[in-house]
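This report concerns only the one structure given below.
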Amino acid sequence: MYRVRIARQQAQQWPKALQQGAYSKRSYVTNAEIESARKYCVDQLRKSDYDSYLIRNFIPKFRQDAYDALRAFNLELVRLPELVSNPTIGQMRMQFWRDAVNNTFAGKPPKGQPIMILLHKVLRDLAEQFPGPGEISPNSIKFWMLRVIGTREKYMDNRPFTDLAALEEYAENTYSTLMYSTLAALPIQSMHVDHLASHIGKACGIVAVLRGVPFLAAPSPPVQSPSGTDVVGGGRNPVLLLPLDVMAEAGLREEDVYRQGPQAEGFQDAIFKVATRANDHLITAREMLKKLQAGEDPGHEYEHQGEAEHNHIMEDSGDSTKRDIRRGFGVLLEGVPASDYLARLEATNFDPFAVRSGGWKLPWRIWRAMKTQKL
């Protein structure tokens, strides 16, 4: 059972460049730049993250810009390992994003960077809606974004996960954290909703790794010079990101997957075990959601309760929890595409190479989940 915990009052003021008065005197971005940035972010989701493109329609319209900016930001970080030729350049790009986030939260987004321009607009709107100190903290959203950068940077070299717990930690610090940042932008400050987001985000992170197996286990096309010849050492080597303890238990060797694909001995057993952990988190989230909607205790403690930026004011009221769940349910819809993928993976006997698109059923399932408030 949760203990009632009083949050530290966030005394930070919004940067002057984001406050209404200062903004009216000097505009760092124009309306045309904002509209162009919005179109860029939405187009990125439509082309490269269709699940998020569908879900954005169920985020409250006055915060869709926040969702679009944060998801496009995540896309940029996900792509980086495939776009850089060596670790040093990768670290430089990560530092660029770190500086961009810090500057944007200081009220000065990088010129010409559409994601940060749209995020600047979101922060300006929040500053106008919640101008007083302690109402919401801009540092909360910033904290989550910097955590995503730090985790993506750590795993930019596609290092293997030592065990399932390490994979879950990665998922918590990327996909769950991305959900926390969206909730903070709504804003929703609820330990219960954070707890739900933690389980759903872990499932999404594990599913993302499973989805990436067919792509990462194959070598990337060779990098070519301007003359058309292959560059020695160019391109990415194949990699298998399944947890090492799971692979050892299943008797699976990376080299066998590179040569034999899904026919490698132990491959489907390893996929099954990892997929089961993702499904366990979704089952836990569904059970929690049902209890919370009925005004009951969630049934177990939140492992991150009281940690940085989870130190919320807890109201001893089932009505406030139900209200927060309704307001934030669009964010929780991230669990629907994850569940849909796991079902399609099971239908192929846990062969990610054979999984096909969910087609028209996924949009309908997302709509139904929102309509029924069930995952």
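Of note:
- Exactly one residue out of G306, G295 is touching an Asp or Glu at 6+ places or on another chain (Cβ under 9 Å) and open to solvent by 20 Å² or more (accessible area, probe 1.4 Å), and it is G295.
- If only residues of region 112-154 that are closer than 28 Å to L83 by Cα and surrounded by fewer than 16 Cβ atoms within 10 Å (Cβ to Cβ) are counted, the one that is modelled with the highest pLDDT is G150.
- A search for C-beta distances below 9 Å between a residue of region 90-110 that is touching a residue at least 40 places away in the same chain (Cβ under 8 Å) and closer than 14 Å to E76 by Cβ and any residue that is open to solvent by 80 Å² or more (accessible area, probe 1.4 Å) and acidic (D, E), counting only pairs 6+ apart in sequence or on different chains, returns G90/D157.
- Enumeration of residues in region 206-265 that are open to solvent by 70 Å² or more (accessible area, probe 1.4 Å), touching a Gly at 6+ places or on another chain (Cβ under 9 Å) and modelled with pLDDT of 95 or more: E249, R253, E265
- Sole exception among (1) open to solvent by 20 Å² or more (accessible area, probe 1.4 Å); (2) closer than 24 Å to A197 by Cα for N103, by number: (2)
- Residue satisfying all of: in region 54-65; open to solvent by less than 60 Å² (accessible area, probe 1.4 Å) and in a helix (DSSP H, G or I); modelled with the lowest pLDDT among these: R63
The values are calculated or read from the model by the stated rules, or taken from the named source; none is laboratory data. None of these values were measured; they are calculated from a predicted model. Because the Cβ atoms are built from the backbone with ideal geometry, glycine has one as well, and the counts that use them run over all protein chains shown. In case anyone asks, the SASA skips ligands and DNA or RNA and just uses the protein heavy atoms, side chains included. Shrake-Rupley method; radii C 1.70, N 1.55, O 1.52, S 1.80 Å.
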